[in-house]
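Heads up, the thing below is written out as C-alpha cells.
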Amino acid sequence: ITQQVKQNDSHLFELTCGKQSAHIWVSPHHVMVCNLNASHRAWGGLGKRFDTLEAALAGYKSAAMRAMIQTAAAAIA
C-alpha cells in the first residue's frame, strides 16, 4: 500500500505489486478497481466496478492484481 485514504465509510487505496499499480476504492455500495496500465494512461478509463471484493477478485486472473485486492480487503477488516 503506497497510499490509503479513509473518508466516512469509504476507503481509497493506491497499491503497487511488482511492476503493476492500481487504485482500489471500497465503499459500502461497491468496489472500483483501476489498473494503472498503458491502457489507462492512454484512455483514462475509470476502471471496473464490482459489487463486492470477492467479485473483484474473481474479475482478475493476474496474481499481482489479486494480491493488491486481497491486501486492500485485509486493510479494511
Check Ala77, Ala63 and return the single one that is among the hydrophobic types (A, V, I, L, M, F, W, C), surrounded by fewer than 15 Cβ atoms within 10 Å (Cβ to Cβ) and more than 22 Å from Asn8 (Cα to Cα).
Ala63
Sole miss for His40 among (1) closer than 16 Å to Ala64 by Cα; (2) surrounded by 15 or more Cβ atoms within 10 Å (Cβ to Cβ) is condition (1)
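Return yes or no: is Asp9 acidic (Asp, Glu), open to solvent by 60 Å² or more (accessible area, probe 1.4 Å) and in contact with a Pro (Cβ under 6 Å, 6 or more places away or on another chain)? Steps first, answer last, please.
Details: acidic (Asp, Glu): yes; open to solvent by 60 Å² or more (accessible area, probe 1.4 Å): yes; in contact with a Pro (Cβ under 6 Å, 6 or more places away or on another chain): yes.
In short, yes.
The values are calculated or read from the model by the stated rules, or taken from the named source; none is laboratory data. These figures come from a predicted structure and were not determined experimentally. Counting neighbours? That spans all protein chains shown, and the Cβs are built from the backbone with ideal geometry, glycine included. Only protein heavy atoms, including side chains, enter the accessible area calculation; ligands, DNA and RNA are left aside. Shrake-Rupley method; radii C 1.70, N 1.55, O 1.52, S 1.80 Å.
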